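Report on one structure; see the data block that follows.
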Amino acid sequence: MRRHRCFFERRRAKTLHAGAGLGLVCLIQYPLPRAAHRAVRTAEWSGSTSASPHGRSTGTASSCSAPASVRFLRGGAAMAADAASPERYGCVHYRRKCKIRAPCCGEVFDCRHCHNEAKDSLEVSIHGRHVVPRHDIKLVICSLCNKEQDVQQNCSNCGACLGKYFCAKCNLFDDDVSKNQFHCDGCGICRTGGVENFYHCDKCGCCYTYLLKDSHRCVDRAMHQNCPVCFEYLFESTKAVSVLHCGHTIHLQCLYEMRAHQQFSCPVCLRSSCDMSDMWQKLDQEVAASPMPAICQKKMIWILCNDCGMTSNVQFHILAHKCPGCSSYNTRQTMGDQAACSRA
């Protein structure tokens, strides 16, 4: 009886597998306990109906809780329903229902960032490296029906919305509208964070938060530069960017790494990247507690302050040299006279 029962269930499994497009695929491990046989018989109809106590179909969907020896994988219409969820489309950069055809190489990618990561990496020959400009994208492919078409928000074939946020100027699609995207005509690209929270600085050539409107130092095209640490182009970077006191820009993560390695000056101009007044007070105490020997007490040197640009003649000390103009210890010793040491 045991052998006949197992043969009967194998026939059932083949029947279920043949009708997988109707809703369920059943994977069975043999031999089955008696409770599992009842679960299999019930699972045959769980994709469309549920069994009533009298053995009739009630016409409503139900879920079957099978034992550990039976696993059910949804197939057919159920898989199509899962595929319609927006989380199944897009990439790590954008959640959307379309792909792009790169005009430079003709290949299909989820977005331009995916293209640039694949075509502008160290693994690619230096002669084959390239990036795709966002404004040059002309064709997109619908992820639902695979229809290739011109850039537009709704698919011309199936009518699906390719992205809840759509910018025809940047050819940008994104279903995640929680980013509060907006297009800046001054930058020429889309930004995130809400148009009410940012303004465009014409001299720096970028959108800054209103908190910096009256406090930051303007540097001509400050954002149109590479990060001084990782050398990524800051203007189109998707990472957070920090504006230093000197006006130069740097990735926020790169700035944190610099401070973790005790680097507190701008990599470009060497000015202090943050308020160092507490550190200068501690250095005052260290210098006062470390008197120089008599042979060095009358030694004078010329220093240049990296913060205010002032050149001064100060007493030599082995620990640090304080600028008499701004009380900063961010100084360096110079070898020329006062005229030669003046900062341009």
(message) Being outside the structural domain of C230 (by TED's automatic domain parsing), among the aromatic types (F, W, Y) and either farther than 30 Å from K239 by Cβ or at pLDDT 90 or above (or both) is the requirement here; does Y329 meet it?
(response) yes
(request) Of the conditions (1) free of Cβ contacts under 8 Å to residues at least 40 places away in the same chain; (2) under 21 Å from E117 (Cα atoms), E236 clears all except one; give me its number. (result) (1)
(request) Would you check if V131 is surrounded by 13 or more Cβ atoms within 10 Å (Cβ to Cβ) and outside any loop (DSSP other than H, G, I, E, B)? (result) no
(message) For the range 178-198, give me each residue that is surrounded by 14 or more Cβ atoms within 10 Å (Cβ to Cβ) and either among the aliphatic types (A, V, I, L, M) or part of a strand (DSSP E or B) (or both).
(response) F182, H183, C184, I189, C190, R191, F198
(request) Count, please, the residues in the range 270-314 that happen to be over 17 Å from G325 (Cα atoms) and either surrounded by 17 or more Cβ atoms within 10 Å (Cβ to Cβ) or of a type in the set (F, W, Y) (or both). (result) 2
(request) With respect to K203, determine if the residue is loosely packed, with under 13 Cβ neighbours inside 10 Å, assigned by TED's automatic domain parsing to the domain that holds P324 and either in a loop (DSSP other than H, G, I, E, B) or out of contact with any Gly (no Cβ under 7 Å at 6 or more places or on another chain) (or both). (result) no
(message) Just the residues that are under 21 Å from the mean Cα position of the chain (by Cα) and either outside any loop (DSSP other than H, G, I, E, B) or among the β-branched types (V, I, T) (or both), please, taken from the range 148-177.
(response) Y165, F166, C167, L172, F173, D174, V177
(request) Six or more apart or on different chains, Cβ under 6 Å: which pairs go from a residue in the range 289-304 that's assigned by TED's automatic domain parsing to the domain that holds H321 and in contact (Cβ under 8 Å) with a residue 24 or more places away in the chain to one that's hydrophobic (A, V, I, L, M, F, W, C) and in a helix (DSSP H, G or I)? Could you list them? (result) W302/C341; L304/C341
(message) For the range 134-145, give me each residue that is in contact with a strand residue (DSSP E or B) (Cβ under 9 Å, 6 or more places away or on another chain), in a loop (DSSP other than H, G, I, E, B) and not aliphatic (A, V, I, L, M).
(response) K138, S143
(request) Mind listing whichever residues of the range 206-231 are in a loop (DSSP other than H, G, I, E, B), under 19 Å from the mean Cα position of the chain (by Cα) and surrounded by 14 or more Cβ atoms within 10 Å (Cβ to Cβ)? (result) M223, C227, V229, C230
(request) Could you please find all residues in the range 314-329 being touching a residue at least 24 places away in the same chain (Cβ under 8 Å) and under 43 Å from the mean Cα position of the chain (by Cα)? (result) L319, A320, K322, S327, S328, Y329
(request) Please find, within the range 92-128, the residue that is farthest from D175 (Cα to Cα) out of those that are without any contact (Cβ under 8 Å) to a residue 12 or more places away in the chain and part of a helix (DSSP H, G or I). (result) A118
(request) Could you grab me the full set of residues in the range 246-263 that are out of contact with any His (no Cβ under 8 Å at 6 or more places or on another chain) and surrounded by 16 or more Cβ atoms within 10 Å (Cβ to Cβ)? (result) C246, H248, T249, I250, H251, C254, L255, M258
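The values are calculated or read from the model by the stated rules, or taken from the named source; none is laboratory data. Keep in mind it's a predicted model, so treat the numbers as computed, not measured. Reconstructed Cβ throughout: ideal geometry from the backbone, glycine too, with neighbour counts over all protein chains shown.
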